[in-house]
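Below is one structure, written out as structure tokens, with a few remarks after it.
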Amino acid sequence: MLVCRSIDNRQWKTATLEETLTVWKLDLPEPLRRFFATTNAIENVLGVVRRVSRNVKHWRHGAMAKRWTGIGLVAAEKRFKRIKGHRHMPALVEALSRRAAKGIDQEECAG
């Protein structure tokens, strides 16, 4: 997945739709498809990082931001639970390998 630095709302919705359709195109088992069809796991991690770093009032440089992000990720890791459908992860690895072998993810961001 490519991340664009500047992306407008319309492009964001299109990218989100394409990513959702990609989950379906991978033909994953149902538990993994349900897990990857939502952004709950990412939003949970970002929420913990925000909570951990909320008292920082003056960000001095990028290294400081990286350190606080790392601290937040370690704090979030303690709350991680097993992914529903974790036993199907080999199917995900196989599907991603097939997709990479076809060269489908070689698109560039419009920006």
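The values are calculated or read from the model by the stated rules, or taken from the named source; none is laboratory data. Just so it is clear, the structure is predicted and the values come from calculations on it, not from any experiment. When we count neighbours, we look across all protein chains shown, and the Cβ atoms used for this are built from the backbone with ideal geometry, even at glycine.
Odds and ends about this structure:
- Restricting the stretch 34-60 to residues that are within 25 Å of His88 (Cβ to Cβ) and loosely packed, with under 11 Cβ neighbours inside 10 Å, the residue that is modelled with the highest pLDDT is Glu43.
- Near pairs, Cβ below 6 angstrom, 6+ apart or cross-chain, from the stretch 28-46 (closer than 24 Å to Gly72 by Cα) to any residue that is part of a helix (DSSP H, G or I): Phe36/Val23; Val45/Ala76
- Per-region count, the stretch 61-94, residues surrounded by fewer than 14 Cβ atoms within 10 Å (Cβ to Cβ), part of a helix (DSSP H, G or I) and in contact (Cβ under 8 Å) with a residue 40 or more places away in the chain: 1
- Scanning the stretch 11-33 for residues that are over 21 Å from Arg99 (Cα atoms), modelled with pLDDT of 60 or more and of a type outside the set (Gly, Ala, Ser) turns up nothing.
- Selection count, the stretch 79-96, where residues are over 18 Å from the mean Cα position of the chain (by Cα) and of a type outside the set (A, V, I, L, M, F, W, C): 4
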